[in-house]
1. Given the condition more than 25 Å from HIS20 (Cβ to Cβ) and away from ligand 1 (no atom under 16 Å from the Cβ), answer yes or no: does some residue in region 197-205 qualify?
2. Looking only at residues in region 228-280 that are closer than 21 Å to PHE290 by Cβ and among the small types (Gly, Ala, Ser), which one is farthest from ligand 1 (Cβ to nearest atom)?
3. Among LYS265, LYS225, which is in contact (Cβ under 8 Å) with a residue 40 or more places away in the chain, within 15 Å of ligand 2 (Cβ to nearest atom) and not assigned by TED's automatic domain parsing to the domain that holds PRO103?
4. Which pairs turn up if I take residues in region 138-165 that are free of Cβ contacts under 8 Å to residues at least 12 places away in the same chain and look for partners that are in a loop (DSSP other than H, G, I, E, B) with beta carbon separation below 9 Å, at least 6 apart in sequence or on another chain?
5. May I ask you to list the residues in region 131-158 that are at pLDDT below 90 and more than 18 Å from HIS95 (Cα to Cα)?
6. Of the residues that make up region 148-157, is at least one within 19 Å of the chain's Cα centre (by Cα), within 16 Å of ligand 1 (Cβ to nearest atom) and more than 30 Å from LYS315 (Cβ to Cβ)?
7. Does any residue of region 228-250 turn out to be more than 11 Å from ligand 2 (Cβ to nearest atom) and within 28 Å of the chain's Cα centre (by Cα)?
8. Between ILE179, ILE145, which is under 24 Å from the mean Cα position of the chain (by Cα) and among the hydrophobic types (A, V, I, L, M, F, W, C)?
Amino acid sequence: MNKLNLVSGTRPTGKLHLGHYFGVLRNWQELQDSDKYNCFFFIADWHSLTTKYSDTNDLQSNIVELTRDFLACGLNPNKSTIYVQSAIKQISELHLLLSMITPNNWAERDPTLKDLVRAANNSQTNSPDLTYGMLGYPILQSADILTFQGSLVPIGKDQEAHLELSREIARRFNYIFGIEFFPEPKPLFTTTPLVPGIDGDKMSKSYNNDIKIAASGDDTFAEVKKMVTDAERAKRQDPGNTERCKVPYPYYKILAEAEVLEQVKQECESALRGCVDCKKQLAGIMNDFFKPIREKRNSFSDQEIKNILKEGNEKAIEKAEQTLKEVRNIIKI
Ligand code: TRP
Ligand code: SF4
């Protein structure tokens, strides 16, 4: 049986953090290694321009570092096609063609863009936030997926509305041209654990509460020390409560063996362990877990990374050109 195509991308915004690892990359690696799909994983550099069009000094180094994170976390260029979006010009061609058949209000209705659209319509001045490219964000995303005939798209819930639009665009293309050409891509929501930042909020670079996958052991320890614990545990002698423990305990849940987890809970709740020691142990577990990933991360030179991308881009272009040839035929252009 033919394998289905699976497509997903990430914007190159800098080194990835543990939220990305447990929320995205570990899932991608497992999907890849299940051998059930043809996997296409890419770096969405065009998408990063929708907001950072004038701030591109770090773009190339971000692409290299993101690829480094991909490879370190187990994405394998021999199993998956790994590429940079902007190297695949066929995607931009499909974006243009799909934009011709996409009603403007479909794009404006995308809830992620709705607020921007409303602000732009209300203001008397030109809104620099809502560019034409930004409005096209979900159409470009549709082109990303459909260029590779993607049927499955592993994404977070925040991307659900974009993907719904991709399905509608695929359906409309097939309807207009009277051919079942594009599959309707389905989201693949994988269960992801809660990954808090050191302050207890969702881990995010913009909240400045993240720990990078690439962090050193010492840096990791320094960040773990700052983690918010059980706010009601005032003194070392007070029993703690793991359910109230904001950050360290959720990480134990993600990383520790069942016996360790049980031990932490008992010792915390009987005041046998203090938070300082508990964090020390956690940092150790974290560093053990990420050690091979960090070593792998550092094992590639920049040149090796660029070569891997070059090969991935070539593989992607071949597939993309196949699709676009057919699309041009169907449209008769
Ligand atoms: N919009 C996605 C994000 O911000 C990135 C992305 C771009 C993407 N194109 C895609 C994800 C295609 C899945 C499929 O995370
Ligand atoms: Fe959290 Fe550990 Fe402190 Fe208990 S002892 S509150 S689990 S950090």
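The values are calculated or read from the model by the stated rules, or taken from the named source; none is laboratory data. What you see is a predicted model; the values in this text were computed from it and never measured. We place every Cβ from the backbone using ideal geometry, glycine too, and count neighbours over all the protein chains shown.
1. Looking only at region 197-205, we keep the residues that are more than 25 Å from HIS20 (Cβ to Cβ), and these are none.
The answer is no; no qualifying residue exists.
2. Taking the candidates together, the pick is ALA258.
3. On the way: LYS265 fails: in contact (Cβ under 8 Å) with a residue 40 or more places away in the chain.
One residue alone meets the criteria, LYS225.
4. GLU164/ASP110
5. GLY156, LYS157, ASP158
6. Let us first name the residues in region 148-157 that are within 19 Å of the chain's Cα centre (by Cα), namely 148, 150-157.
Right, trim to within 16 Å of ligand 1 (Cβ to nearest atom) and you get 148, 150-157.
Cutting the leftovers down to more than 30 Å from LYS315 (Cβ to Cβ) gives us 157.
Yes, region 148-157 has at least one match.
7. Step one: of region 228-250, the residues more than 11 Å from ligand 2 (Cβ to nearest atom) are 234-235, 237.
In the following step, the residues that additionally are within 28 Å of the chain's Cα centre (by Cα) were identified as none.
No - not one qualifying residue is present in region 228-250.
8. Selected residue: ILE145, the only one of ILE179, ILE145 that is under 24 Å from the mean Cα position of the chain (by Cα) and among the hydrophobic types (A, V, I, L, M, F, W, C).
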